[in-house]
Each structure stands twice: as structure tokens, then as C-alpha cells.
Amino acid sequence: MRGHVNLKDAVDRSITFHDKSRNRVYKLNDQTAKLFVRPRGWHLPEAHILIDGEPATGCLVDFGLYFFHNYAKFRQTQGSGFGPFFYLPKMEHSREAKIWNSVFERAEKMAGIERGSIRATVLIETLPAVFQMNEILYELRDHSVGLNCGRWDYIFSYVKTFQSHPDRLLPDRVLVGMGQHFMRSYSDLLIRTCHKRGVHAMGGMAAQIPIRDDPKANEMALDLVRKDKLRESSWAELLSWTRLSSPAAPPLLRKVAAQAVIYNIWRQRNNVLHNSVHLSPLVIFKMVDRELRNIISSRRHRKRWQRLMLLWIR
């Protein structure tokens, strides 16, 4: 219940924490990230609430309490007319996604809000779910934001599923990361599936955190994060993204944007290496924006290019 009190305070923007040992008070900034609530997995019960003598399903209790107490305020202050937003873990089958979709639709009807207002990102962190990503996205349909790699739990699920198969033996888990072929295949499949279905693909969280008191250890941690994220941004993912089509971003606009970004990042790399000139991300973005506008303007008389400027400005 304390967790739900904290969630309500976060939506109301009244949440604070006083660290007495450091004599510091923490509170929300004026600008914050959108709040995504992660309910418990389907396998966890809520022992304090009984239904017909049996413990209630924990994730449904989490959803119900949070939605009932916060949906109106969240939509007003954070969701811009949409929401609330959820992060669904531990899914193993598309039928679980179908249940979630039914729960979302029932809640929207009860609250009198538009169908599809509730949005959810699904964590793909079990071996069975990897083979049902298309089905999971289909079952959630109007409520789906995308999929995210839950890499560490996926390794655990792989070990647990194949524990009796000698030909699937893995080394110590600390030696298994996203560089291994089967982990890379899992990540690539998630990205391709999301791009095919027009939703967001997230490569997962890097486990390293900043270490303030040890500059050397901190640099090592940041280097691991950097390598992890660079591993995700391969040419295969970029080419997959450029081939996607949507009313707001047709393939031609994506290709031109990718070309402008790659060129300006390459130019900035040369400036750093050869001229010791460091430009801020905002300056680089303005250079990309100017170049892309120039490219579109120079070809505006061609039929395929006529609407690209309006789409880019939007």
C-alpha cells in the first residue's frame, strides 16, 4: 500500500523524500519523464485480498488500485488526454496479453474514456514469449506501445527452460551477455518484429550505474554502457528503420534523415579527432535540421518530395 501511496503522490506531484543521513530533501523537477507503472507478474498473488477464499492476482490488484485513484489526474497532468501508461512484465503467452487487453477495455469503459487511451509496453523476458511477439502485439492492438528486451530475466528463463538439456548448457551467467549469438538473435528478432508492426522497439537496460566516488570505475561503467548501446545501433537496425512506412514518416524521409544524421556525426567525429572541436548535441541537431531542409527544398519540384518538408517540420 505504501507503494500505491507513493504512486498517487507522484501523479499529484507532491512526492518527496528526506534523506536524514545526508540532510537532503528530494522532490520532482518541473519537467519529468512520463510515469509508467509496472504491475507484478501474473505468477504473484496478493495475500491480503481474498476472492472466494483465494488470494487475488497481484497484477490485477496493482492495476485496479492505481487506475482507479489516478487515471483522471494522470490524463490531465501527464498524459495529454491519454493514459495511464503501464509496463507489463513476465508474460509467457499471447493469451496473457489478451487478458490484459480485456482488463484495459473494461477499465476504459468504466471510466468513460476513449478506447485505446491506456497504453502498455511489454517486457519480453521469457523464452516462450520470444516466439509469440507478433501474437502479443496483436492481442494488445490499440493499447500497445512496443516491446522491450528484459535481457537478464531472459537468460534466467533460458537456463530454467533448458536445464535438463545437456546440449543447451551455458557458462556462468555473468559471462553471458548481449554479445552471445543467441542473445543477439533474440534482440534482433524483437527489433524486426516491432518495426514490422509499427511500434517501438527497446533494446533493454544496461545494468551499469555511475560511480561518483571512483572516476576510474565510473569511466569503466560508462564505457560498458556505451558499448552496449552501440551494439544495438547496428546497420541492420538502421536499414530496417529506413524501410518502414507510416503516414508521418515515409521511407524516403527516413532515408534522407538517416543520411543527414550519419554525415553530421561523421563530420563531428573528424572535428574531435583532428581539430579538437566539440559541438553540443543541440548544435549538431540544428546542422542536421538545416541540411535536411536544404535537401528537401532543392528537390521540392519532384512529386515524391512535395510533402516531405511539411512532414519534417511536424
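From S164, S185, grab the single residue that is surrounded by fewer than 17 Cβ atoms within 10 Å (Cβ to Cβ) and under 23 Å from V225 (Cα atoms).
S185
Does I113 satisfy the condition of being in the same structural domain as R192 (by TED's automatic domain parsing) and buried (at least 21 other Cβ atoms within 10 Å of the Cβ)?
no
Please go through (1) modelled with pLDDT under 85; (2) at negative phi for I296 and return the number of the only condition it doesn't satisfy.
Just one mismatch for I296, condition (1).
Only one residue in I49, I15 is out of contact with any Asp or Glu (no Cβ under 9 Å at 6 or more places or on another chain), hydrophobic (A, V, I, L, M, F, W, C) and assigned by TED's automatic domain parsing to the domain that holds E114. Which one?
Exactly one residue qualifies, and that residue is I49.
Which ones in the stretch 187-212 are of a type outside the set (A, V, I, L, M, F, W, C) and either within 14 Å of S144 (Cα to Cα) or assigned to a helix (DSSP H, G or I) (or both)?
S187, D188, R192, T193, H195, K196, R197, G198, H200
Can you tell me which residue within the stretch 123-159, out of those that are touching a His at 6+ places or on another chain (Cβ under 7 Å) and not hydrophobic (A, V, I, L, M, F, W, C), is nearest to V199 (Cα to Cα)?
Within the stretch 123-159, the match that is nearest to V199 (Cα to Cα) is G146.
Among the residues of the stretch 1-47, count how many are surrounded by fewer than 10 Cβ atoms within 10 Å (Cβ to Cβ), closer than 26 Å to L60 by Cβ and touching a strand residue (DSSP E or B) at 6+ places or on another chain (Cβ under 8 Å).
Within the stretch 1-47, residues that are surrounded by fewer than 10 Cβ atoms within 10 Å (Cβ to Cβ), closer than 26 Å to L60 by Cβ and touching a strand residue (DSSP E or B) at 6+ places or on another chain (Cβ under 8 Å) number 1.
The values are calculated or read from the model by the stated rules, or taken from the named source; none is laboratory data. This one's a predicted model, so the numbers in the text were calculated from it and none came from an experiment. For neighbour counting, all protein chains shown are included, and Cβ atoms are generated from backbone atoms with ideal geometry for every residue, glycine included.
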